[in-house]
Amino acid sequence: MARDDRGPGMAGVPAPSPVLRRACDLLVVLFVLIAPCRPLAASDALQAVVLRAPMTTTLALPAPQLPPGGAGTVTTTITVPDDAPADLGVGLWLSDPHGRWYQCSGPPLHPGTAQVAFVLGAGLGPQADGHGATWTAVAAAASVRAGVYFWSASTSRCRLLVGPLRLAGVAPAMARTVLCDTTLPRLGADRIIHLQTGQRWSMTTLPAPMPENPYDPAEFALALLITDAQGRSQRYAAFYDQEMRSSDRGDSESVLPTRAGCFAVRYRPQLPGTYRAVLEAHWASGAVVSVPLPAIVVSGAPWDEYVRVDRTDPRYFSVGTRWWWPIGPNLRSVWDRRCQQYLGTMLTPDRLLGAYHDYFARLSGAGVNSVEIWLSSWNLALEWRGDWNGYDGMGRYSEANAWRLDQVLDDAWAHGIRVTLVIDNHGKASTGTDHEWENHPYNRAAGGFLDDALGVFTDARALHLEQRLRGYLIARYADHPAVMAWKLWSEINLTVAGDQPRIILAWHQDALAAWHREDPYHHPCTTHWAGNYRSVDHAVAGLSDLDFICIDAYHLGPDQEQGSDLAMLMANSVGSGERRNDLARLHKPIYVTEYGGNWDACPPAQLEAEHASGAFLALVDGQAGAPMLWWFEWIDQGARYAPYHAITGFLAGEDLRDARGASVPLIATSLSGELWARAWARPGRMLGYVLDRAWGAHGGPAREHPDALVEIGASIAPGTLQVSWWDADRGVVRQSETLSHSGGELSLVVPPFSRHLAFKLVRVAGAAPRNGTILSQ
């Protein structure tokens, strides 16, 4: 509960001792949090309370049914004995389930029985205590606890009698619908709003009347319409914004409001020009307010720093005209109990913003440019059952988490990291694996309306609530270039709909189309399958609105069908290995966003090898990014960042996009043991990788290979070639040499190595044959 050491006080009356006040407040917090709330009954008897002056005395009472808008008069009857102190004061308090406290003072009390009235309304009271929010229709609708408090500077143990709280009067509803306190940043003296391409512009306004549920567009909807010189318009929806501040305790984090909530619109211009802008507001009453804004003049070069599926080579991502290959771990939340269970790590303290900041700082220093974060109930979800700390139930969003996600995205962007946001984790609609359905706010047993988790995918009301959440996420976060992509589900095949392909397909058809239709910044959208490439539903993967394919690369022991060789599994995942894979025929990026042994990890030595080799395997197989290791606390607590340094160093200055590029199997031999070799080859350039197969599969001590050869084959045209050998653990060149190739079979002598080695084979500029290729035409 949000409380501080300020007493309500009375003019001319000294405040109680701060120490005594604080002790009493702590008792009040405990009492109010556990006090039951029940509807007001006319037969409620008077309650006796013994004054504890000079400490504040607090009494919890059944909360009155506040009027829409929260404006009205609340009364109670108080009987004061003759021995009461002369400076006795009374106040009304109201609180939401999370302890945000509002209070207002009443008139001085004197011996006898009197009816005391407290007037509620915007600008009148009650006032926030211990936080910066204000009393609005939103606060009134969220208030579930109430009572009175008494104070005096004198010592007293007199006995008071207090009647129930009753609603005695309701303020008349506002006749006019207006937008108040509208802010227009960057408005110049010329009455023109001057903006730069690529910079966020955010304006705010306060609707009157304020909706009780600001997250429901049926109650109130606001949008900014931007029209360019050619008459083309784009709509940018507004969202309810409650500014917060966080306090890091070292082992946890608390978040409190700092000001009144308002509606905000975010706009990030991408093209220069002069634009017309209009604010359009719609209330549930049918009232519509349209407010023309000053002209907007945008300067600067065209800007597009969002991740896209590359147009020239749709197997990859790009940003603007630059090839972009995501590198980083799966950072789904700040802690992971499975990592603790199977790898012996410690749980990271749940200081969410502080923990993510520390992760980002260490990861970006290693070259990481991408992570995945889940909007899960234990991390950054916006909607969950209302009796959980920080949540407000079905159809209402966690203001604390909404604000936190803003900070996380800003922090990631400051560190050069982009984030795949997972909207729903599979447990939310699972009754088996990682089940959370029992706590889903739509579950009837948790206060919702669904009897079965399958309704999440089929019920009209559930789909409507999904639409509302999607609209809020897009309105608040879509302009941010730190958002790499929207991932609609993690491991969709582990939900209750996993064995219902028609339901899964229909849901994804509608949801993906809606995300693309409503997102004005056109982020890529995807979904995700557990296990590995064999689990993918090809009908869903083939949908035109599914921009890229997300899979796991988990594998079992050597005595089971999936094998224990990550090198083989990664190659098969994109159809470049021993097994045919039709996913490659879809011509979409294929991205592994979970791997590292199996779901229950693997021996640490094997995990070390998979972590070190995973990115290079993905590179030479033609995957869209480095695979995301699941065991992020194992990485962080062991300072195991070297693989990110290595792949980042190797790829500096590279661009793998080319429709003719292909994964090429190579023959590598060594008298010391079996090797695995493959390369990504395109005209004029080959990036290769050589792996000690036993070490790659099991880890541990690796053999030395002093006499290895790599057979490139006969496809290389004659000419001068440059070969550089790279330390795959450090990402630096070990040695380089120039080769004069006369044609025919080409073999490379591999420098002595253990574990693994990477290489680049490049045709020297000016020495190319007529076709200018490494690969023959």
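The values are calculated or read from the model by the stated rules, or taken from the named source; none is laboratory data. All values derive from a computational prediction rather than experimental measurement. As a convention, Cβ positions derive from the backbone with ideal geometry for all residues, glycine included, and neighbour counts pool all protein chains shown. Please note that ligands, DNA and RNA were not included when accessible areas were found on the heavy atoms of the full protein model with its side chains. Shrake-Rupley method; radii C 1.70, N 1.55, O 1.52, S 1.80 Å.
Amide H of Met244: which non-local residues (sequence gap of 5 or more, or other chain) have their own amide H closer than 5 Å, using H built in the peptide plane?
Thr258
How much length is gained on full extension from Arg166 to Arg232, taking 0.36 nm per residue of separation minus their Cα-Cα distance?
Stretched fully, the Arg166-Arg232 segment lengthens by 18.3 nm.
In whole Hz, with x marking every Gly and Pro, tabulate ³J(HN,Hα) for the range 661-666 from phi via Karplus 6.51 cos²θ - 1.76 cosθ + 1.60, θ = phi - 60°.
Rounded to whole hertz, the list is x, 8, 7, 10, x, 10.
Could you go through the range 340-348 in sequence order and give the Karplus-derived ³J(HN,Hα) for each residue, using 6.51 cos²θ - 1.76 cosθ + 1.60 with θ = phi - 60°, rounded to whole Hz, and x for Gly and Pro?
Once θ is set to phi - 60°, the couplings for the range 340-348 become 5, 5, 9, 10, x, 7, 9, 5, 5 Hz.
For the chain, what is the accessible area per residue in Å², given a 1.4 Å probe and the full set of protein chains?
Ligands and nucleic acids excluded, the result is 39 Å² per residue.
Which entry in [x] 96, 83, 72; [y] 111, 61, 49; [z] 97, 70, 59 matches Cα extents along the principal axes in Å derived from the coordinates of this structure?
Read-out taken from this structure: [y].
Could you work out the helix-only [θ] at 222 nm for the chain, with each DSSP H run of four or more residues adding -39,500 (n - 2.57) and the total divided by the number of residues, to the nearest 500 deg cm²/dmol?
When only DSSP H runs of four or more count, the value is -6000 deg cm²/dmol.
Cβ neighbours within 10 Å, averaged per peptide: list 737-745, 408-416 in order, most packed at the top.
Highest-to-lowest ranking by the protection proxy: 408-416, 737-745.
Amide H of Ala63: which non-local residues (sequence gap of 5 or more, or other chain) have their own amide H closer than 5 Å, using H built in the peptide plane?
Excluding prolines and chain starts, which carry no amide H, the hits are Arg38, Ala146.
Once neighbouring chains are kept in place and the probe is 1.4 Å, which whole percent of the accessible area of the chain is contributed by carbon and sulfur?
53
Which far-off residues, 5 or more places away or on another chain, put their amide H under 5 Å from the one on Ala53, with H placed in the peptide plane?
Ser156
Mind checking which helices in the chain clear 15 Å along their axis (Cα) and have mean Kyte-Doolittle hydropathy of -1.0 or more, DSSP H runs only?
18-34, 352-365, 399-414, 460-477, 501-518, 604-621
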